[in-house]
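Here the structure comes first, spelled out in structure tokens, and everything after it is commentary.
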Amino acid sequence: MKKIVLISALVLAILSSGGSRVVAADPFAGCSGGAINTAIGCIPTEPGALFGKFFSFGIGIAGGIAFLLILFGGFQILVSAGNPEQLAAGKELVSSAIAGLLLVIFSVFLLRVIGVDILGIPKFG
């Protein structure tokens, strides 16, 4: 009975506290004239800027996946408990993730050299 009275008093105190009004900021404020407001943010309408935005988004996703794979491979190595197959699988996962990350980094370098220096695509660099 004490618990019911205590919980009821707590709920009543929370509900009668009045609370302050919370006003969220407009997430789409600040879009320039060359962008469209969408649910994921401001998307540019110029082809070069649009490609640059999705390019940087893809690079971030690739880096995040490589980081998670390195963490998972390290965890697999830690919990292998001397099992040579599991230890080898963890080492292979870490080395493959690092190789993939290096491949992404060098591909970004090559695409920026080709896109900015050779083709002169604006907002690509």
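What to note about this one:
- Under the condition of being surrounded by 14 or more Cβ atoms within 10 Å (Cβ to Cβ) and of a type in the set (Phe, Trp, Tyr), the residues counted in the stretch 31-55 number 2.
- Flag for residue 89 being over 30 Å from residue 48 (Cβ atoms) and touching a residue at least 12 places away in the same chain (Cβ under 8 Å): yes
- Here residue 106 passes the criteria (1) under 30 Å from residue 31 (Cβ atoms); (2) out of contact with any Leu (no Cβ under 8 Å at 6 or more places or on another chain) except the one numbered (1).
- Residues satisfying the stated conditions in the stretch 33-55, i.e. part of a loop (DSSP other than H, G, I, E, B) and either within 18 Å of residue 119 (Cβ to Cβ) or under 20 Å from the mean Cα position of the chain (by Cα) (or both): 39, 40, 46
Okay, residues lined up against (1) assigned to a helix (DSSP H, G or I); (2) over 28 Å from residue 42 (Cα atoms):
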{"residue": "66", "(1), (2)": "yes, no"}
{"residue": "71", "(1), (2)": "yes, yes"}
{"residue": "76", "(1), (2)": "yes, yes"}
{"residue": "82", "(1), (2)": "no, yes"}
{"residue": "86", "(1), (2)": "yes, yes"}
{"residue": "90", "(1), (2)": "yes, yes"}
{"residue": "95", "(1), (2)": "yes, yes"}
{"residue": "103", "(1), (2)": "yes, yes"}
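- Reported count of residues in the stretch 56-92, each being within 25 Å of the chain's Cα centre (by Cα), surrounded by 12 or more Cβ atoms within 10 Å (Cβ to Cβ) and of a type in the set (A, V, I, L, M, F, W, C), is 10.
- Of everything in the stretch 93-102 that is under 19 Å from the mean Cα position of the chain (by Cα) and aliphatic (A, V, I, L, M), the residue that is surrounded by the most Cβ atoms within 10 Å (Cβ to Cβ) is 97.
- Residue within the stretch 108-120 that is touching a helix residue (DSSP H, G or I) at 6+ places or on another chain (Cβ under 8 Å) and either exposed (fewer than 10 other Cβ atoms within 10 Å of the Cβ) or modelled with pLDDT of 90 or more (or both) present: no
The values are calculated or read from the model by the stated rules, or taken from the named source; none is laboratory data. Quantities reported herein were computed from a predicted structural model and do not represent experimental measurements. Methodologically, a virtual Cβ is constructed for each residue, glycine included, from the backbone with ideal geometry; neighbour enumeration extends over all protein chains shown.
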